[in-house]
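The values are calculated or read from the model by the stated rules, or taken from the named source; none is laboratory data. Bear in mind the structure is a predicted one, so any value in this text is a computation, not a measurement. As a convention, Cβ positions derive from the backbone with ideal geometry for all residues, glycine included, and neighbour counts pool all protein chains shown. Only protein heavy atoms, including side chains, enter the accessible area calculation; ligands, DNA and RNA are left aside. Shrake-Rupley method; radii C 1.70, N 1.55, O 1.52, S 1.80 Å.
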Amino acid sequence: MPATNRKAQKKGRDTAVQGTNDSSVVSKVSAAAQGYFKDAFLQHFVYKVARRAPLINRGYYVRWKAVDHCVRKFLQITEKCPERQILSLGAGFDSLYFRLRGDGALSGAVVFEVDFPDVSQRKAALITSNITLRGMIDSQSPSLTGPVYVSSSQYRLLGVDVREESKVEEALRVAGLDWAAPTLILSEVVLTYMETQWSDAIIGWAAKLLPQSLFVMYEQIHPHDPFGQIMQEHFQKLNSTLHALQQYPDTAAQRHRFLDKGWEECVCLDMNNFLFGLVPEEERCRLESLEPFDEYEEWHQKCSHYFILTASRGSLIAQALLPRAPESPVPSVGPSWSTTALSVRTTPVCVEGLGMASVSVRPGWVLLTGGSSRGGRGAAIRLLLREQEGWRSVSVEPSADIGVRLYHTVTPIPGVGAVVFGGRSSPLNPVRSLFKMTFSLCGAPGALESGGQDAPKLCMEEMMCTGSPPPPRWRHSATLTRHRGREFVFVFGGKNQSGAVLGDGYFLSVDQQHWTEIPVEGVAPEARHSHSACSYKGGGVVFGGLSRAGVPLGDTVILTPTERGFCWERIDVRPPPVPRYSHCAHVSGEKLVVVGGVWLHSDGVPGVVVINITTCSSMEYSLDTTSVPWPLMLHSFCSEVTDSEDPELLLIGGGGNCFSFGTHWNPQPVTVDLKLMLG
């Protein structure tokens with residue numbers, strides 16, 4: 001390739017990387033404006049304020065919190081040093097200096113910021129033209145040509161390409177950096193945009209020249225799972241490839257990277273570990289109260305794909321390292337993997353959706369209700385039919401509109417139909433109506449199965465129940481149970497519009513349409529949502545979910561029928577399954593089959609865990625998705641076990657809003673072969 005073309009491509013990539021600064025500062029301003037953190041100076045670095053989605057605000061909050069934690073720790077342990085420095089690489093429009101100066105936290109400290117000349121020149125212009133920012137700088141000798149665009153007693157803004165080692169070193173020397181003084185080097189999603197030869201050189205250069213230093217880095221990890229694939233594709237489309245991910249895909253690799261480049265100690269935590277280990281529960285509760293929120297799966301996945309790293313040189317600076325194993329309410333349980341991987345195959349029908357509910361109408365017939373898709377919320381009711389050629393989707397016309405519903409339940413009642421309960425249209429609008437669904441489908445079944453065009457009709461009847469109904473909720477469970485020869489739908493857990501996580505239970509007599517009080521003994525499971533509950537021997541079996549503290553659960557609790565009513569009994573499963581939520585589950589004989597979901601463990605993504613209720617044992621199975629040509633995200637989906645000689649799981653819908661990287665929808669249902677697992 002001619003040299004001129006290579007230069008043009010390099011300039012294009014550099015411009016794209018600089019563009020990530022503009023997007024990032026707008027997102028930080030949005031989070032600050034909604035009260036996630038306090039920063040009165042960020043707003044002066046944007047031309048127009050835009051409110052981001054709650055998920056984006058949370059993502060930038062945890063980034064800000066992690067960096068702030070590390071910077072404050074460094075300033076704390078060096079407070080008695082006569083000189084100390086912060087060197088921010090690729091600082092962009094960050095307001096760190098102004099915020100720390102405003103807090104009175106920079107005694108004896110100087111902040112050096114380095115970025116592309118174009119970025120630093122724009123930042124210098126913003127500072128000199130803004131009375132608030134200008135007032136935070138005691139004296140300045142700006143240069144129009146650089147490399148030092150702003151110079152004051154505690155703040156130096158440099159315009160240099162950080163990849164050009166000799167130029168950076170010379171510019172810092174001119175700006176007055178003291179190579180022997182305690183120094184914090186900060187890199188927030190900067191080095192990963194460079195080819196690894198350049199980023200490795202910077203890490204080694206800093207270790208060599210700064211003998212008393214702390215390197216703080218915030219970047220991405222886990223490129224190969226579904227979320228990671230979508231994350232990579234997003235940055236590639238922006239012409240801002242994440243280069244470090246291939247060579248350093250996880251926290252262990254990043255730690256070894258720094259140790260190999262001359263750093264004495266290194267600690268690297270993913271953001272879930274940071275959030276639960278170093279952010280107090282009171283602060284996490286405050287976070288929950290700031291905005292209506294219902295994207296827990298995407299939140300935890302975002303946190304599992306970013307890390308905060310500290311590496312040190314010098315005995316004093318080592319005191320500023322992150323703790324290696326911070327105390328956390330998240331159990332440190334690893335999966336007990338089987339050597340067998342379960343085969344996953346796609347089906348030749350296009351159905352997508354998040355938060356749908358499914359119910360098996362008859363063998364080979366699966367009804368889908370609610371959810372959201374590319375077309376919006378309140379997706380049309382669909383019927384999936386299994387034929388010789390595979391699955392086919394048919395539109396169904398209900399006799400009554402059940403409204404927009406996400407994260408609701410549809411509980412099958414033999415001989416009656418099904419009960420539709422709960423759900424939401426938005427995190428502030430739970431659905432209050434309750435429907436009985438009967439399967440007197442108008443139109444001949446034979447015509448459907450032979451490809452007839454007559455749309456079947458589904459009879460929907462709103463239930464006007466007596467008794468004391470449960471408060472509105474979603475992400476709950478609703479399970480068919482039996483008491484004294486009668487059938488009851490048992491509603492348990494979920495969350496409501498106030499953000500509360502629920503732990504109550506209610507019994508609905510379907511034939512009498514009455515909410516009935518039935519005694520339940522034993523220690524009830526802790527409050528949770530996004531769990532599973534399956535019918536089991538007249539009672540039910542509850543597994544997993546997300547607790548009030550926002551921690552995934554991995555317990556298995558049986559609701560056993562008694563003479564008086566029911567009794568809760570927790571079983572001690574060994575090895576313990578990895579805690580998870582937003583999964584699906586089914587009972588097959590004495591086995592509870594749990595598929596998909598979200599966990600906080602760093603070892604891959606959940607596949608299928610089989611829990612033997614009788615022997616209290618478990619085994620995790622990975623999913624072989626090599627034949628699936630797109631990232632398979634198994635949360636916010638629904639599933640059914642197909643009735644056939646060769647049992648399969650049919651997984652329908654799923655996906656999610658992958659932070660700022662775009663929304664992913666699983667475009668087709670897939671099947672999981674259960675023969676090997678169930679014997």
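About the centre of its Cα atoms, the stretch 361-442 shows a dipole size close to 240 debye [charges on the beta carbon of Lys, Arg (+1) and Asp, Glu (-1) only; nearest 20 debye]. Under 17 Å of direct C-alpha separation, and excluding same-chain neighbours fewer than eight residues apart, LYS48 reaches these aspartates and glutamates: ASP22, ASP39, ASP94. When the GluC sites (Glu not before Pro) in the stretch 587-661 are filtered for DSSP coil states and for at most 13 other beta-carbon atoms within 10 Å of their beta-carbon, the remaining sites are GLU590, GLU645. Averaging Cα coordinates gives a centre for the stretch 499-545 and one for the stretch 29-61; these two points are 40 Å apart.
Here the stretch 353-440 yields Rg over Rh of 0.97, to two decimals, using C-alpha coordinates and the Kirkwood radius. The 3J(HN,Hα) values that the Karplus relation (6.51, -1.76, 1.60; θ = phi - 60°) gives for the stretch 403-414 are, in residue order, x, 6, 9, 10, 6, 9, 10, 10, 9, x, 10, x Hz. Gly and Pro appear as x.
Going by average Cβ neighbours within 10 Å, how do the peptides 230-236, 38-44 rank, with the highest at the top?
Per-residue Cβ counts within 10 Å, averaged per peptide and sorted highest first, yield 230-236, 38-44.
Can you run the Rg to Rh ratio on the stretch 554-679? Use alpha carbon positions and the Kirkwood inverse-distance Rh.
Using only Cα positions, Rg/Rh for the stretch 554-679 is 1.00.
Quantify how much of the Cα-Cα distance distribution of the stretch 499-556 extends past 15 Å, in percent.
58
In the full protein context, the stretch 239-329 carries 38 Å² of accessible surface per residue, based on a 1.4 Å probe and ignoring ligands, DNA and RNA. Among the trypsin sites (Lys or Arg not before Pro) in the stretch 472-529, those located in a DSSP loop and surrounded by at most 10 other Cβ atoms within 10 Å of their own Cβ are ARG484. Pairs spanning more than 20 Å between alpha-carbon atoms, out of LYS436/LYS457; LYS28/LYS302; LYS65/LYS123: LYS65/LYS123.
Here is the list for the stretch 112-195: chymotrypsin sites (Phe, Trp or Tyr not before Pro) lying in DSSP coil, each with at most 16 other C-beta atoms within 10 angstrom of its C-beta, are TRP179. Going through (i) 0.96; (ii) 1.08; (iii) 1.28, the figure that equals Cα Rg over 2.2 N^0.38 Å as computed for the structure here is (ii).
Calculated accessible area for the stretch 504-568 comes out at 38 Å² per residue, all protein chains present (probe 1.4 Å; ligands, DNA, RNA ignored). Just the protein heavy atoms count here, and of the accessible area of the chain at 1.4 Å, carbon and sulfur take up 51 percent.
Using a cutoff of 8 angstrom between alpha carbon atoms and counting only pairs six or more residues apart, the relative contact order for the chain works out to 11 percent.
Overall size of the stretch 162-227 from C-alpha positions, given as principal axis extents largest first: 46, 22, 17 Å. Specify whether the C-alpha gyration tensor of the stretch 23-88 places it in the rounded, prolate or oblate class, a ≥ b ≥ c being the square roots of the eigenvalues: rounded for a/c under 1.5, otherwise prolate if a/b is larger than b/c and oblate if not. In terms of gyration-tensor shape, prolate. Centroid-to-centroid, using Cα positions, the stretch 147-216 and the stretch 616-679 are 46 Å apart.
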